[in-house]
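A.B. asks: Sharing a structure, written as structure tokens. Questions coming.
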Amino acid sequence: MRPWKWEGEVAGLVQRAPSAPIPLVCIGSSSFTLWRTLDADLGAVGALNHGFGGCEISDCMHFCPQLVLPFRPRRVLFCAGDNDLGNGKPAAQVTEDYCTFCQMIWRELPQARVLFVSIKPSPARWSLLPLQTQVNEHIRAWEKTEPRTGFIDIRPVMLDSAGRPRPELYAEDGLHLSPAGYAAWAEVLRPRLQIELAAG
């Protein structure tokens with residue numbers, strides 16, 4: 001078992017969280033962690049941002065009982081998998097781990113829908129694009145057979161007409177998002193989440 005270095009960070013998130021239930025819990029890695037205005041950018045839908053560190057999907061699974069289940073959300077917005085591939089995990093394992101995470105949610109919250117934000121292309125991890133595509137397309141295909149899942153594809157807005165990452169959407173490290181990148185994500189996520197939450 002890997003050591004979970006985020007114990008303190010997760011404890012702080014839980015301590016600062018409002019009382020349950022929460023309509024939308026967002027869990028995942030730094031794309032969420034660094035999104036300080038997430039709920040406002042998504043239209044003030046009552047989202048709880050529980051992104052933490054440079055986590056992998058296995059870390060989300062480990063902390064799911066603390067960061068997701070107690071808040072009994074109707075929707076879970078999930079953004080992880082990029083670090084898994086960056087750390088050498090095969091695409092098949094990343095996909096399997098995500099499916100396991102969903103099953104953890106459904107054992108406690110059988111009516112909840114889990115929405116997967118596609119793994120983003122980035123200049124820093126451009127060599128991983130084929131593996132990212134494998135994971136994204138496998139999870140998109142699963143959506144067609146499991147009605148409690150959803151797939152939100154942010155890749156089209158991240159790429160230019162030549163199919164390359166748009167530099168202005170990334171921070172200087174070529175991996176994390178710039179303010180313009182978060183604005184682009186919000187334009188994709190906001191209408192989808194408003195529809196999801198209005199559906200009950």
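Coordinate-derived values only; no laboratory data. All figures in this text were calculated on a predicted structure; none of them were measured in a lab. Here Cβ is always computed from backbone atoms with ideal geometry, including for glycine, and neighbour counts include all displayed protein chains.
A.B. asks: Could you tally the net charge around VAL157, taking each other residue with its Cβ under 12 Å from the Cβ of VAL157, Lys/Arg +1 and Asp/Glu -1? Write down the numbers at each step before the final one.
C.D. replies: On the way: positive: LYS120, ARG155, ARG166; negative: ASP153, ASP160, GLU168, GLU187.
Here the count lands on -1.
A.B. asks: Another question about this same structure. Using alpha carbons only, how many degrees (0 to 90, rounded to 10) separate the axis of helix 91-108 from the longest principal axis of the chain?
C.D. replies: 20
A.B. asks: Quick check on the exposure proxy: order LEU48, LEU109 from fewest to most C-beta atoms within 10 angstrom.
C.D. replies: Details: LEU48 22, LEU109 19.
Final ranking by Cβ density, sparse to dense: LEU109, LEU48.
A.B. asks: Each label point is 7 Å from the Cα along the Cα-to-Cβ direction; what then is the distance between the points at ARG72 and SER178, in nm?
C.D. replies: Going by the 7 Å Cα→Cβ label model, 4.4 nm.
A.B. asks: Pulled fully out, how much extra length does the chain show between LEU129 and PHE151, if you take 0.36 nm times their separation in residues and subtract their Cα-Cα distance? Working shown, then result.
C.D. replies: Values: separation 22, 0.36 × 22 = 7.92 nm, distance 1.77 nm.
Contour length minus the Cα-Cα distance gives 6.1 nm.
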